[in-house]
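Structure first, commentary second.
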């Protein structure tokens, strides 16, 4: 309360909300409204439609709970609440309100941002570690006494790197990699790097490779959108009855394994890989009336993912190589 009073004495309400929206974490490395507009809708903020703007405003209550990728329907309902308030405040007309609340929440242009985007990715990652060390060694803290977040707190970091020289260097590297890639294809053509065996390859190593592949698939934008389409409705119903924020893929897999291996939960609890509270949540879900629907939707999702990720698609191994058709291996 005291902090709020001090803020309102120093800034106008418009300035406060602007600062908040410019720093809020919308998920997927989208810090601030501009980054969120780019990540979820591939637009600049000024290009957002009314319903897209309402979606981002609604996410500010809890961007984890109201995640349009993982909880599309729940986020759509939250968006509609924002639109309702806009109508009540005469910001939009009744006709606009009726039209907008019936629109689906379209996040088909979603693109997750990572530190791998842009120039000098390794340099930036190393630089972040150096800046953290520098701030710690010199005891530099924020005014409230907490440590700086090098990604979120708006620090301006000046380096001696020349962007144009870096761009040329990376282009040269990619050109060189084309030659190496051609040699790689000669050796690996017709082989699956995920299941390939030699005299030193055991079953455990194959399982580890496939587990890595599965994890990588689940991190893709395409998988997340498919997951939302198949699971969003039933998970919204289940989660509304439970005191839990998120049902992950690993949770569903554990429950399905328990049905086949009735002692699995006890074994995982003894190994301390599963808590008593988590087991209780699992059992509640498995006795929920929506459990059968969840299993059916999960099975449909896995079949679709396996089919879609096994299709041959045009791709570029490196930005400077010609398009070639490859079939990414998929095992879920």
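The values are calculated or read from the model by the stated rules, or taken from the named source; none is laboratory data. Predicted model, so just to flag it, every value in this text is computed and none were measured. All Cβ positions, even for glycine, are placed from backbone atoms using ideal geometry, and neighbour counts span all protein chains on display.
When the residues of the stretch 24-49 are filtered to those that are assigned to a helix (DSSP H, G or I) and over 18 Å from residue 221 (Cα atoms), the one that is modelled with the highest pLDDT is 47.
Could you tell me whether the stretch 274-296 includes any residue that is under 25 Å from the mean Cα position of the chain (by Cα) and loosely packed, with under 12 Cβ neighbours inside 10 Å? Among the residues of the stretch 274-296, not one is under 25 Å from the mean Cα position of the chain (by Cα) and loosely packed, with under 12 Cβ neighbours inside 10 Å, which makes the answer no. Return the residues of the stretch 74-113 that are buried (at least 17 other Cβ atoms within 10 Å of the Cβ) and more than 14 Å from residue 51 (Cα to Cα); say none if nothing qualifies. Those that are buried (at least 17 other Cβ atoms within 10 Å of the Cβ) and more than 14 Å from residue 51 (Cα to Cα): 74, 110.
Take the stretch 244-283 and flag every residue that is in contact (Cβ under 8 Å) with a residue 12 or more places away in the chain, assigned to a loop (DSSP other than H, G, I, E, B) and out of contact with any helix residue (DSSP H, G or I) (no Cβ under 6 Å at 6 or more places or on another chain). The answer is 245, 246. Inspect the stretch 1-14 for any residue being under 23 Å from the mean Cα position of the chain (by Cα), assigned to a helix (DSSP H, G or I) and either outside the structural domain of residue 155 (by TED's automatic domain parsing) or buried (at least 17 other Cβ atoms within 10 Å of the Cβ) (or both) and give the result as yes or no. No, every residue in the stretch 1-14 fails to be under 23 Å from the mean Cα position of the chain (by Cα), assigned to a helix (DSSP H, G or I) and either outside the structural domain of residue 155 (by TED's automatic domain parsing) or buried (at least 17 other Cβ atoms within 10 Å of the Cβ) (or both).
Test residue 292 against the stated conditions and say whether it is touching a residue at least 12 places away in the same chain (Cβ under 8 Å) and either assigned to a helix (DSSP H, G or I) or in the same structural domain as residue 71 (by TED's automatic domain parsing) (or both). So residue 292 does not fit the description; no. Taking the criterion of being closer than 25 Å to residue 310 by Cβ and surrounded by fewer than 14 Cβ atoms within 10 Å (Cβ to Cβ), the residues of the stretch 230-259 that qualify are 248, 250, 253, 257. Residue check: residue 21 meets all listed conditions (1) at pLDDT 85 or above; (2) surrounded by 14 or more Cβ atoms within 10 Å (Cβ to Cβ); (3) under 20 Å from the mean Cα position of the chain (by Cα); (4) closer than 18 Å to residue 69 by Cα but one, namely (4). The residues in the stretch 164-216 that are within 30 Å of residue 253 (Cα to Cα) and assigned to a helix (DSSP H, G or I) can be counted, and the count is 14.
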